[in-house]
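The values are calculated or read from the model by the stated rules, or taken from the named source; none is laboratory data. Given the structure is predicted, the values throughout are model-derived calculations rather than measurements. Glycine also receives a Cβ, built like all others from the backbone with ideal geometry; neighbour counts cover every protein chain displayed. Areas reflect the complete protein model, heavy atoms only, side chains present, ligands, DNA and RNA absent. Shrake-Rupley method; radii C 1.70, N 1.55, O 1.52, S 1.80 Å.
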Amino acid sequence: MSMQATISKALDIKWHLTERVDSLKGSQRPPRGRQAREDLLARGAISSLSNADIKMTVVSESYSPSIAPLQALNKINLRDLHLETHHRGNLLVLRTFGHSTDVSQIQTFMPVEDETGDVDRIAIFNFGLSSWPEKRLPSGIVLAIKEPFYSSVSEDIGMALCIHHPSDVIFLEDNHSAFPSSWQLPIKVKTASEWKLEGNEALKKKDFIKVNHCYSKGLAVVHDIDIKLDLLRNRSQARLFLGSYEAAKEDAVASTQGTMHHDPKYGKALYRAGRAAYELSDYAFALKMFQRLVDAFPSDQDGPKEIKRTRLRMQEAQNGVFEFEAMAQEIADTADYRTQQASYLRRIDVRPKGLFATENIAAGEIILCEKAFVASNTPKNTPALSVMINPTNNRALHGSHVAIWVEAVRKAFHNPSLGEHILNLHDGSPANPATEPIPLVVDGMPVVDVFRMQNIIEHAAFGFTADESRIRKDVQKAFKADSSGVWPVAARMNHSCLFNASRGFVGDFMIVRACKDILQNEEVTVMFCPADGNFEQLQQNLEGWGICCDCRLCKAEIDFLKGAESRASVMYEVTQFLKAQPLLKVARMLVDGEIPSDLVKEAKRLEKALQKTYPLKLFATCVPNTNKIIELLPTFGMANVHEWLMFAHYRQPPRALDYAHFVLMDHGYKVTIQSSGISLDRTNCVLSMAAVKAMQYIEHYYTQANVKEVAKSARALAEEMHVTYNGSMIGYQGW
């Protein structure tokens with residue numbers, strides 16, 4: 001089944017489920033007897049599993065996580081449940097049996113029973129994976145489900161206990177006060193040493209979830225200080241691999257206390273503490289740990305490497321100097337788009353209403369660079385791709401959009417200090433995001449609202465595309481355009497149609513540069529949607545983000561629409577023409593001779609039709625009683641036609657030069673050419689690669705005319721514009 005067909009089917013299922021929810025809400029859950037238990041034992045939690053490559057997950061509705069402590073909840077049984085109901089103030093204690101079934105990359109089903117022998121199944125999202133005792137949800141463990149939600153999960157699977165928020169389920173140890181006495185077994189109590197040995201075996205197999213579990217169990221019963229330090233030190237390694245960097249750092253630091261400084265185990269602890277701090281971007285603490293490692297063990301080989309790397313990150317964060325070409329080459333060599341560089345945020349200030357410059361920033365300079373909080377670059381044909389229907393707005397999420405949601409929840413759950421960066425972003429609700437609380441900790445676990453996280457991602461995520469031309473052929477499929485990520489600081493930039501900043505990417509590293517000079521305390525803005533001249537479509541897209549732009553360009557467009565027909569019909573004709581006669585085809589025609597006159601004639605007809613939609617009285621400021629234009633708003637809808645005509649007139653250099661100037665004017669650039677070079681008025685500029693091409697042609701024209709200073713100036717401007725638009729010089733090709 002194709003992605004589009006899967007999405008259509010998922011939306012249809014969601015519609016039917018909504019009707020079903022309304023009809024069943026509040027009804028008593030029917031009891032399930034011995035036959036139900038035998039069925040669940042025989043076939044697992046679901047009767048059949050789809051063989052489709054694209055797996056669907058349909059969420060019936062969004063709801064808030066429980067923030068009540070376990071001891072404050074009233075215990076109920078399965079027979080007390082009501083359909084489509086959140087049982088606030090209540091607690092279910094259940095035991096798993098049979099086997100689990102993964103129905104998608106993010107959702108697992110498992111049969112469960114309560115103390116009375118009643119049975120059912122849970123549908124649990126895999127957000128809290130590393131808090132489970134094993135890679136898969138095992139049989140025989142006891143779960144406490146806080147404020148359970150019994151709901152429809154699909155038309156064919158039916159009802160289940162739905163667990164989305166990772167803190168809503170607690171795995172109970174047999175000594176916990178909520179653990180049913182009837183389920184306690186007379187088992188041999190393991191010593192800390194035995195748990196350590198079991199953990200060591202799991203470590204050899206790189207089963208880090210089990211490693212974490214075993215060492216934690218050992219620490220709960222340990223009495224010997226040396227064993228305790230070993231367990232802490234080894235658990236820190238497992239938690240590093242699981243991405244629980246805060247806990248790994250805490251364990252590693254604790255294991256240094258009481259360890260002799262000449263003991264190699266002390267060096268291991270320092271290294272792991274430094275590595276965890278490095279992943280948390282706490283470079284000062286990481287450097288401190290690595291320096292202590294080198295001081296204690298001068299012959300250690302890893303310490304100096306880590307010191308060098310950490311100092312480089314600190315320099316990047318302070319100075320904003322990066323080797324972008326080397327970064328891109330590393331991505332090409334390793335097929336890993338996740339970069340290591342530090343974020344550079346020194347020149348901006350995060351304020352409640354957006355990002356603002358802390359100093360004057362010249363056009364082309366870096367404003368900020370930021371490492372993604374989460375990012376995913378998903379192949380188009382990934383096996384078992386997941387599709388999820390967002391319950392808040394009924395939009396289909398798939399590929400990287402599902403992946404970054406899962407990763408963002410896990411990262412925030414296991415590293416609350418990092419989670420604050422993303423959970424304080426706007427989620428689309430009327431509430432002021434600055435007043436939102438930081439993650440609560442209840443029953444020892446951070447409370448992360450997975451639905452609010454998805455809404456934050458939907459409002460804050462950016463799309464990015466890897467540079468396929470620089471990727472090895474054998475891994476090229478891993479770098480398709482279905483990619484997105486969240487950069488928490490950059491996400492605070494507001495939209496403007498006359499934006500002053502442009503963003504580019506090297507892997508998951510965002511580079512934001514100034515399109516025009518930015519003054520101290522001036523707001524940094526970007527364009528949220530592609531600027532193609534279709535104003536009505538732009539407005540619809542912005543409304544999807546809850547944005548109502550009132551910039552000068554929007555006001556001119558609105559005034560035009562009051563007294564004239566829409567530009568959309570002409571833009572459609574332009575789009576169809578350019579699809580039929582792309583620039584690559586024009587270039588091939590030029591190799592063989594001239595461009596057919598009827599094509600040029602049609603392009604000029606479209607040019608004139610578009611000109612009528614940009615009346616000078618609205619889009620230009622003129623000197624009174626003259627035809628001299630002193631200021632021009634972007635006429636971006638004309639840029640593609642003018643670019644086409646620039647290429648089409650390549651064999652007529654003066655005319656091609658005229659059209660190159662027109663392309664720059666369409667982008668709001670006012671170009672002044674003198675014998676000493678070119679100057680640009682960027683007051684209303686809107687940057688795109690078409691503007692870069694136009695400046696490159698100007699360079700080409702004056703190079704051919706042997707006007708060296710003007711050609712040199714045009715070359716410098718073309719390179720600067722390319723760097724500003726793309727973030728770096730990667731991929732730059734001259735005319």
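Open to solvent by 30 Å² or more (accessible area, probe 1.4 Å), over 26 Å from K712 (Cα atoms) and not hydrophobic (A, V, I, L, M, F, W, C): does that describe Q674? In short, no.
Taken over segment 243-259, residues that are in contact with a Leu (Cβ under 8 Å, 6 or more places away or on another chain) and part of a helix (DSSP H, G or I) amount to 9.
So how many residues does segment 683-710 have that are of a type in the set (S, T, N, Q), assigned to a loop (DSSP other than H, G, I, E, B) and in contact with a Gly (Cβ under 9 Å, 6 or more places away or on another chain)? Let's see the steps before the verdict.
First, pick out the residues of segment 683-710 that are of a type in the set (S, T, N, Q): 683-684, 688, 696, 703-704, 706.
Then drop every residue that is not assigned to a loop (DSSP other than H, G, I, E, B), which leaves 683-684, 688, 706.
Going one step further and asking which of them are in contact with a Gly (Cβ under 9 Å, 6 or more places away or on another chain), we end up with 683-684.
Residues flagged as of a type in the set (S, T, N, Q), assigned to a loop (DSSP other than H, G, I, E, B) and in contact with a Gly (Cβ under 9 Å, 6 or more places away or on another chain) within segment 683-710 amount to 2.
Taking the criterion of being under 18 Å from L633 (Cβ atoms), assigned to a loop (DSSP other than H, G, I, E, B) and out of contact with any Asp or Glu (no Cβ under 8 Å at 6 or more places or on another chain), the residues of segment 648-682 that qualify are H667, G668.
From the list K196, K210, K217, which residue is crowded, with 17+ Cβ neighbours inside 10 Å and at pLDDT 95 or above? Spell out how you get there, then give the answer.
On the way: K210 fails: at pLDDT 95 or above; K217 fails: at pLDDT 95 or above.
On inspection, the qualifying residue turns out to be K196.
The set of residues in segment 27-36 that are among the charged types (D, E, K, R) and closer than 12 Å to L78 by Cβ comprises R29, R32. Scanning segment 257-267 for residues that are touching a Ser or Thr at 6+ places or on another chain (Cβ under 8 Å) and crowded, with 17+ Cβ neighbours inside 10 Å yields a count of 1. Within the option set L229, L242, L172, being aliphatic (A, V, I, L, M), surrounded by 14 or more Cβ atoms within 10 Å (Cβ to Cβ) and under 25 Å from P69 (Cα atoms) holds for one residue only, L172. The set of residues in segment 486-505 that are open to solvent by less than 20 Å² (accessible area, probe 1.4 Å), within 17 Å of A375 (Cβ to Cβ) and of a type in the set (F, W, Y) contains only W487.
In segment 394-425, which residues are open to solvent by 60 Å² or more (accessible area, probe 1.4 Å), at pLDDT below 85 and not basic (K, R)?
Applying the first criterion (open to solvent by 60 Å² or more (accessible area, probe 1.4 Å)) to segment 394-425 yields 394-395, 401, 407, 410, 420-421.
Filter once more, keeping what is at pLDDT below 85: 394-395, 401.
Hits for segment 394-425 are N394, H401.
Hand me the list of strands (runs of 3 or more DSSP E) wholly inside segment 268-382 holding 2 or more residues that are under 22 Å from the mean Cα position of the chain (by Cα) and buried (at least 20 other Cβ atoms within 10 Å of the Cβ). Outline the logic, then answer.
Values: elements: 348-351, 354-357, 366-371, 374-377.
Once the strands (runs of 3 or more DSSP E) in segment 268-382 are filtered for at least 2 residues that are under 22 Å from the mean Cα position of the chain (by Cα) and buried (at least 20 other Cβ atoms within 10 Å of the Cβ), what remains is 366-371, 374-377.
Is it true that H223 is in contact with a helix residue (DSSP H, G or I) (Cβ under 9 Å, 6 or more places away or on another chain) and in a loop (DSSP other than H, G, I, E, B)? Criteria met by H223.
Among the residues of segment 249-270, is there at least one that is at pLDDT 95 or above and of a type in the set (D, E)? For segment 249-270, residues at pLDDT 95 or above and of a type in the set (D, E): present. Listed by first and then second residue, the pairs with beta-carbon distance under 7 Å, at least 6 apart or on different chains, first residue in segment 706-722 and at pLDDT 95 or above, second of a type in the set (D, E, K, R), are A711/E699; A714/E699; R715/E699; A718/E699.
Number of residues in segment 625-664 that are within 35 Å of the chain's Cα centre (by Cα), among the aliphatic types (A, V, I, L, M) and more than 13 Å from Y697 (Cα to Cα) equals 4.
Please work out which residue is least open to solvent (accessible area, probe 1.4 Å), limiting yourself to segment 532-546 and to residues that are touching a His at 6+ places or on another chain (Cβ under 9 Å) and in contact (Cβ under 8 Å) with a residue 60 or more places away in the chain. Ranking the qualifying residues of segment 532-546, first place goes to G546. No other residue among T18, T6 is open to solvent by less than 20 Å² (accessible area, probe 1.4 Å), out of contact with any Phe, Trp or Tyr (no Cβ under 7 Å at 6 or more places or on another chain), farther than 21 Å from I122 by Cβ and at pLDDT below 75 apart from T6. When segment 547-577 is filtered for residues that are open to solvent by 40 Å² or more (accessible area, probe 1.4 Å), more than 18 Å from Y614 (Cα to Cα) and more than 32 Å from the chain's Cα centre (by Cα), only Q576 remains.
Criterion first (open to solvent by 70 Å² or more (accessible area, probe 1.4 Å), in a helix (DSSP H, G or I) and in contact with an Asp or Glu (Cβ under 8 Å, 6 or more places away or on another chain)) does S236 satisfy it? Judged against the criteria, S236 is not a match. Condition first: among the charged types (D, E, K, R), within 20 Å of K628 (Cα to Cα) and without any contact (Cβ under 8 Å) to a residue 24 or more places away in the chain. Now tell me which residues in segment 643-677 satisfy that. Listed by number, the list holds a single entry, D658. In segment 308-322, the residues that are closer than 12 Å to L345 by Cα and touching a residue at least 40 places away in the same chain (Cβ under 8 Å) never reach a residue that is open to solvent by 70 Å² or more (accessible area, probe 1.4 Å) and among the acidic types (D, E) with C-beta atoms less than 7 angstrom apart, at least six apart or across chains. In this structure, I698 does not qualify as farther than 20 Å from L632 by Cβ and among the β-branched types (V, I, T).
Go through segment 187-216 and give me each residue that's touching a residue at least 40 places away in the same chain (Cβ under 8 Å) and part of a helix (DSSP H, G or I). Explain how you work it out, then say what you get.
Here is the first cut: in segment 187-216, the residues touching a residue at least 40 places away in the same chain (Cβ under 8 Å) are 207-210, 212-213.
Scanning segment 187-216 gives F208, I209, K210, N212, H213.
Among the conditions (1) open to solvent by 40 Å² or more (accessible area, probe 1.4 Å); (2) farther than 29 Å from Q537 by Cα; (3) in contact with a Lys or Arg (Cβ under 6 Å, 6 or more places away or on another chain), the only one that P624 does not satisfy is (3). If only residues of segment 476-492 that are modelled with pLDDT under 95 and part of a loop (DSSP other than H, G, I, E, B) are counted, the one that is farthest from the chain's Cα centre (by Cα) is K480.
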